[in-house]
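Peer 1: Let me begin by handing over the structure; questions about it come next.
The values are calculated or read from the model by the stated rules, or taken from the named source; none is laboratory data. Computed from a prediction, not measured in an experiment: that's the story for all the values here. Note: ideal-geometry Cβ built from the backbone for every residue, glycine included; neighbour counts use all protein chains shown. Quick note on the areas: whole protein, heavy atoms, side chains included, nothing else; ligands and nucleic acids left out. Shrake-Rupley method; radii C 1.70, N 1.55, O 1.52, S 1.80 Å.
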Amino acid sequence: MSEGLDYKFLIDTFFVALSGVPIALAITIVALMVALPLGFILALSRINRFLVLHRFAQIYVSFVRGTPIIVQIFIVYSSIPLLLDSIVTKYNFEMNVYDVNPIWYAFIVFSFNTTAILIEVFRSALNTVSKGQLEAAQSVGLTNVQAFRRIIIPQTLVVALPNICTVTVNLIKATSLGYALSLQEITLRAKVAANVGYNYVEAYIDIFLVYLILCSLVEYIFKLYEKRLIKYKAVNA
Amino acid sequence: MLEIKNIQKSFGESKILKGVDIKIDKGDVVVILGPSGSGKTTLLRCINFLEKADEGLAVFDGIDINLKTASKRQIHSIRQKTAFVFQNYNLFNNKTALENVTEGLIVGRKMPKEEANELGKKALNKVGLSEKYNAYPSELSGGQQQRVGIARAVVIDPDIILFDEPTSALDPELVGEVLTVMKNIAKEGTTMLVVTHEMSFAKDVANRVIFMDEGIVIEEGSPKDIFVHPKEERTRKFLKRVLPEDFTYYI
Ligand SMILES: Nc1ncnc2c1ncn2[C@@H]1O[C@H](COP(=O)(O)OP(=O)(O)O)[C@@H](O)[C@H]1O
Ligand SMILES: [Mg+2]
């Protein structure tokens, strides 16, 4: 350490860390694609008190929010192979359950996790769009689906967008926990590179920078999108 | 043209509508009066299926529709023939005034956009908002918002427009502009069922007044019958409470 930073290693490893970005993004995008619609539907069930789903959503949210992601990862990572194994032996599939790419476990955990968070985000956003607008849409002859697509969802999205941005950024950061699944994402790649010459400080700086750049970029994109959506609120704001 | 028979509706234990019958002919302007909580809003909502009645029949141009068991198609057909003006306007906040008015035409009725815009502009002109086609609801005063609400109802050319206290959320100085618009469309022969506390509107514009209390129709008749010769004690008491000191009935 006394010789100061190894700049060559710093720069090389930056690109190693950067090569983990696609995996982090893949997990983020898959989780959002599952969680956005599912979270919205479950949020609706909590508002409309559609009984069975509503209970389920309530319990689900409290489970996911009440436990650390890393624990959820360990549970999924250790229990799903067992479950799969019993299914595979029962039906004689040709498959080695321990060869499953760990990214699937990441997809599962982060989708579940993000869904729970988005249920709450959408629930509070839906509450800000008055039920009266839905009724007005019905009374001029729109079907429920049309009313949601054209009136309710666009407004809900605008309200929820800042929170969805926060959720997305948190999700990107949380994908660093993928190292617990031996996933070749940003953190793991840089750490492995550092193992050779004990350049941990450089590696951590690189990891830090990559997440910072990635998250800033995502926030910037959200801001742009928000500006486009929000034109009708200009006067209120 | 529209006949409502024996509407009943309960919320939980409390019976809000206890069998209401109303008959409306084409071109009628019928005003419903009654103390707050008497079920006026619930009645209008049941007619437009925003609330499902426990019992009751709507006869629309001779076609019976059971308010309790109506199919989706029947509900849709009633909504095509009726329009609703809400106490809180309920404009679509993400749409401009013109889009608010044309939404039902373009999406609900699959009308081509140019044709819908044409009709929408005409309707907005009619309510005095020719300058505000592209304004969002957040840029409009309460009175202007309610006039958009009325244009949105008028534009679909319904057989009847249901008004639920259209002026009671407004600042007093904005009530007049909305009532003027309502008078104008009444003059054009629009059939209207209006819940209001504006006695001057009932007196000047209505051709029939219905007094409701505790979920039943207590008395109905011409404005003169109700305001000058109310038969029922409850009607007299209510009118005494709500009519201004200087309210006089001219024929
Ligand atoms: N969705 C509802 N759930 C429970 N009670 C309701 C509901 N809507 C109206 N009520 C009750 O029904 C009664 C009549 O309400 P309403 O029809 O709004 O009367 P009005 O319009 O004459 O003031 C009130 O006591 C109100 O609390
Ligand atoms: Mg009311």
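Peer 1: How many residues does region B:54-96 hold that are part of a loop (DSSP other than H, G, I, E, B) and either facing chain A (nearest Cβ under 7 Å) or within 17 Å of the chain's Cα centre (by Cα) (or both)?
Peer 2: 9
Peer 1: May I ask you to say which residue of B:9, B:18 is charged (D, E, K, R), within 16 Å of ligand 2 (Cβ to nearest atom) and more than 14 Å from chain A (Cβ to nearest Cβ)?
Peer 2: Values: B:18 fails: within 16 Å of ligand 2 (Cβ to nearest atom).
Residue meeting the stated conditions: B:9.
Peer 1: With (1) β-branched (Val, Ile, Thr); (2) more than 10 Å from chain B (Cβ to nearest Cβ); (3) open to solvent by 20 Å² or more (accessible area, probe 1.4 Å) as the list, and residue A:143 as the residue in question, which single condition is left unmet?
Peer 2: Of (1) β-branched (Val, Ile, Thr); (2) more than 10 Å from chain B (Cβ to nearest Cβ); (3) open to solvent by 20 Å² or more (accessible area, probe 1.4 Å), only one is false for residue A:143: (2).
Peer 1: Also, I was wondering about something else. Name the residues in region B:137-161 that are open to solvent by 30 Å² or more (accessible area, probe 1.4 Å) and within 9 Å of chain A (Cβ to nearest Cβ), would you?
Peer 2: B:138, B:139
Peer 1: Return yes when residue B:44 is over 23 Å from residue B:189 (Cα atoms), outside any loop (DSSP other than H, G, I, E, B), within 16 Å of ligand 2 (Cβ to nearest atom) and touching a Leu at 6+ places or on another chain (Cβ under 9 Å) and no when it is not.
Peer 2: no
Peer 1: I'd like to check which helices (runs of 4 or more DSSP H) are fully inside region A:28-131 and have at least 1 residues that are more than 30 Å from residue A:214 (Cα to Cα) and of a type in the set (D, E, K, R).
Peer 2: It comes to A:51-65, A:69-91.
Peer 1: Give the residues of region B:202-244 that are within 16 Å of ligand 2 (Cβ to nearest atom) and either at positive phi or buried (at least 19 other Cβ atoms within 10 Å of the Cβ) (or both), sorted by residue number.
Peer 2: Those that are within 16 Å of ligand 2 (Cβ to nearest atom) and either at positive phi or buried (at least 19 other Cβ atoms within 10 Å of the Cβ) (or both): B:202, B:210, B:211, B:212, B:213, B:214, B:215, B:238.
Peer 1: What's the number of the condition residue B:6 fails, among (1) open to solvent by 10 Å² or more (accessible area, probe 1.4 Å); (2) within 23 Å of residue B:198 (Cβ to Cβ); (3) more than 14 Å from ligand 1 (Cβ to nearest atom)?
Peer 2: (2)
Peer 1: Going by the conditions given, is residue A:136 over 30 Å from residue B:154 (Cα atoms), at pLDDT 90 or above and of a type outside the set (D, E, K, R)?
Peer 2: So residue A:136 fails the test.
Peer 1: For region A:172-191, what are the residues that are crowded, with 23+ Cβ neighbours inside 10 Å and among the aliphatic types (A, V, I, L, M)?
Peer 2: Passing the criteria: A:183, A:186, A:190.
Peer 1: Scan A:205, A:172, A:221 and give me the residue that is more than 10 Å from chain B (Cβ to nearest Cβ), out of contact with any helix residue (DSSP H, G or I) (no Cβ under 7 Å at 6 or more places or on another chain) and modelled with pLDDT of 90 or more. Can you show your working first?
Peer 2: Values: A:205 fails: out of contact with any helix residue (DSSP H, G or I) (no Cβ under 7 Å at 6 or more places or on another chain); A:172 fails: out of contact with any helix residue (DSSP H, G or I) (no Cβ under 7 Å at 6 or more places or on another chain).
Just a single option satisfies the conditions, and that option is A:221.
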